[in-house]
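The values are calculated or read from the model by the stated rules, or taken from the named source; none is laboratory data. Please read these numbers as outputs of a predicted model, since none were measured by experiment. Quick reminder, even Gly has a Cβ in these numbers, built from the backbone with ideal geometry, and neighbours come from all protein chains shown. Just the protein is used for accessible areas: all its heavy atoms, side chains included, with ligands, DNA and RNA removed. Shrake-Rupley method; radii C 1.70, N 1.55, O 1.52, S 1.80 Å.
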Amino acid sequence: MWVLATISIVFFGRDFYVNAWKQAKHGHANMDTLIALSTGVAYLFSVFNTLFPSVWTSRGLESHVYFESCAVIIAFILLGRLLEERAKFSTSSAIRRLAGLQPKKVTILQRKECAQPAQNPEGKSVLEGFCSQPAENPEGKSVCSYIEVSIEDVAVGDIVVVKPGEKIAVDGTVVEGESYVDESMLTGESIPVEKKAGDKVFAGTINQTASFTFKAEKVGAETSLAQIIELVRQAQGSRAPSQRLADKIASVFVPAVICIAVLAFIVWNVCGMATGNNYLIHSILTLVTVLVIACPCALGLATPTAIMVGIGKGAQNGILIKDAEALENFRKTDVVALDKTGTLTSGHPEVTDVYWNDKFDIGGLQELNTDAKNLLSGILGGMEALSQHPVADAIARHYPHTEVTGVKNFPGKGASCVYEGKKFLAGNLALMENEGIEISASILEKAKEYETQAKTVVYFSAKNLSEINSEKQTEHNELNTELLAVIAVADKVKETSKQAIKELQDLEMEVVMLSGDNPLTAKAIAEECGIREVRSSMLPADKEKFIRELQAKGKKVAMVGDGINDSAALARADVSIAMGSGSDIAMDAAKITLTGSDLRKLSSAIRLSRQTVKTVKMNLFWAFVYNVIAIPVAAGVLFPVNGFMLNPMIAGAAMAASSVCVVSNSLLLNFRKI
């Protein structure tokens with residue numbers, strides 16, 4: 001036992017003694033002081049009893065040892081510290097993942113003198129000093145070519161080539177080509193953004209549909225991605241460690257225990273000299289007993305055991321807590337800031353409404369029956385499955401796929417296809433007007449209604465529609481140029497979001513929605529969810545700044561998000577919560593993760609926080625009461641009354657009993673409803 005206790009103290013408990021010594025040099029005492037003092041005294045007393053047992057046995061006393069107490073105390077305290085330290089690794093992990101969004105290699109057009117610079121339709125040079133296609137000199141060697149360089153070698157002014165599926169390396173402006181770019185990293189919005197000549201592109205975003213070239217304007221630390229990384233680093237580094245309640249108690253308790261132990265030692269010696277008795281042995285036993293019984297096992301276990309049980313209960317309910325501080329602080333939250341896309345909404349566009357144009361007379365087909373609608377839906381699904389439009393995937397997921405031919409994409413407008421000699425179109429209003437499709441006032445009114453609800457409208461039309469159902473053909477065989485249907489696509493609000501917001505408001509939480517989307521869409525989603533305060537068109541830096549402004553007003557802020565664009569705000573918030581269905585970077589930056597996508601777990605997490613902290617305070621209270629009663633008894637106050645002197649062994653047992661009470665009280669958390 002001596003050997004094992006020595007290993008635990010020297011190797012595992014060394015920091016407690018080092019920190020206690022540093023505190024003592026400055027005249028302070030904390031939990032480390034209490035741990036070092038009590039385990040140190042118990043260890044030295046046990047060593048003495050092991051080497052010189054006759055000192056006690058010759059006087060009819062047993063030479064008890066307390067090696068196991070030293071090892072158990074250090075083990076439990078370290079286990080509690082482990083829970084607190086784990087969160088420190090999440091910061092560097094989040095930053096590494098953010099840095100990984102930037103490609104290592106970039107394709108650029110090599111700067112060469114070129115006699116045939118690329119020309120745009122107006123005949124003006126758009127790639128001055130560059131070539132979009134390699135030119136050949138008389139010897140047949142290329143004088144202007146694509147080259148692959150390291151990201152560090154990209155300079156302002158370089159022309160960068162981005163292929164479909166590639167990440168954009170630096171910030172810049174599109175020079176040639178058109179494509180759709182996934183900018184959810186910045187805005188959090190799931191629908192890709194159309195990019196054409198003159199539009200801005202940003203590092204870390206993903207090109208989707210076609211190759212294009214852009215001129216590098218911000219590189220290195222100036223890019224939007226680099227600024228997000230820096231915001232995360234600053235926000236994480238600025239957070240001061242919380243002052244533990246146990247440390248506050250220890251700062252008073254430790255000096256008091258030392259004073260009582262020394263006072264008891266002196267009093268017993270004075271009493272012995274006054275009565276002519278040798279009370280030296282009693283003095284030593286009293287000194288040791290006071291320090292052993294005050295050993296901070298109960299105090300040390302009060303916080304970590306409750307936190308461990310709280311974290312375990314959270315995991316059982318889909319609330320993964322990485323940081324004990326977050327669990328403690330959640331109960332103090334005044335404001336809950338919620339991202340929109342992926343948090344309140346599903347995070348991807350879906351078909352929400354379909355309005356078929358049933359009232360028309362097209363080539364004798366006066367209605368769209370079920371069979372006709374099913375056929376048309378399959379044609380629409382088959383066309384959109386081959387389309388490059390950003391909302392095409394949503395429609396393709398919603399409808400079955402009928403095999404179509406001749407799919408043609410109209411960038412920024414939509415697509416067309418051919419089915420059994422008939423032409424079908426799906427796209428925006430500009431495409432319909434270009435194709436001469438007639439749209440009635442009632443259809444336009446319906447489309448406007450969808451748009452006011454912040455939904456994307458897709459028009460679906462066809463020509464020679466009457467031939468779809470040969471049984472209903474009449475003498476009217478002219479080309480159909482009227483609309484078939486209007487489809488509304490939007491990022492739908494999760495079914496549980498509205499209830500989750502109500503539960504937060506019932507808990508007296510102020511709820512704010514932060515979104516990178518436009519004001520119309522953000523307001524529509526907020527109203528549907530019952531959120532009174534909304535901030536729209538917010539970039540990552542804006543969200544982080546908004547959190548700081550709230551904190552400057554004395555508010556405790558919890559941020560809930562799921563995307564890369566939320567990482568800086570998550571790092572800045574007092575409590576950070578990520579959706580389990582979101583990005584790995586958001587989960588790394590957050591201290592709490594909600595598995596799945598149910599926001600109702602937020603209110604459960606708040607109740608769990610309140611119950612856990614209540615248990616911690618109860619544990620500390622009973623540990624304190626135990627010491628208030630036990631320490632005077634250990635000091636020998638009962639000896640003059642009934643001759644009772646507390647044996648150090650019994651003191652050790654009492655200490656263990658107090659620890660059992662603390663642990664049992666913590667385990668009761670498992671039976672409380674959250």
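Over 31 Å apart at the Cα level, from the set LYS22/LYS601; LYS332/LYS523; LYS196/LYS555; LYS556/LYS617; LYS523/LYS555; LYS313/LYS502, are LYS22/LYS601; LYS196/LYS555.
For the pair PHE12 and GLU495, the difference between a 0.36 nm per residue extended length and the Cα-Cα distance amounts to 168.9 nm.
For the pair ARG610 and GLU549, the difference between a 0.36 nm per residue extended length and the Cα-Cα distance amounts to 19.4 nm. ARG535 contributes about 90 Å² of solvent-accessible surface, heavy atoms of the protein only, 1.4 Å probe.
With every protein chain in place and a 1.4 angstrom probe, the accessible-area ranking of PHE644, PHE16, largest first, reads PHE644, PHE16. In this simple spin-label approximation, GLU420 and GLU178 carry label points 7 Å from Cα along the Cα→Cβ vector, and these lie 3.2 nm apart. FRET efficiency for the ALA430 to VAL149 pair, using the beta carbon distance and R₀ = 45 Å, is estimated at 0.70. Between MET645 and ASP334, what's the calculated FRET efficiency when r is the beta-carbon distance and R0 is 45 Å? Round to 0.05. The value I calculate is 0.25. Label-to-label distance for LYS373 and ASN518 is 3.0 nm, based on points extended 7 Å past Cα in the beta-carbon direction. Note on LEU280 and VAL262: the model spin-label points, each 7 Å out from Cα along the C-beta direction, lie 2.1 nm apart. Pairwise Cα separations in region 396-464 fall into 10 Å bins from 0 onward with the following percentages, short to long: 18, 48, 30, 3. Protein-only accessible surface at a 1.4 angstrom probe places the residues TRP622, TRP356 in the order TRP622, TRP356, largest first. Maximal additional length on extending the SER442-LYS25 stretch stands at 141.8 nm, based on 0.36 nm per residue less the C-alpha distance.
Residue order by solvent-accessible surface for LYS553, LYS523 is LYS553, LYS523, largest first, with ligands and nucleic acids left out and a 1.4 Å probe. FRET efficiency for ARG59 and VAL637, Cβ-Cβ distance as r, R0 = 25 Å, nearest 0.05? Calculated value: 0.65. How would region 526-605 be classified by its alpha-carbon gyration tensor: rounded, prolate or oblate, with rounded meaning a/c under 1.5 and the a/b versus b/c comparison settling the rest? Because its axes are fairly even, with a/c under 1.5, region 526-605 counts as rounded.
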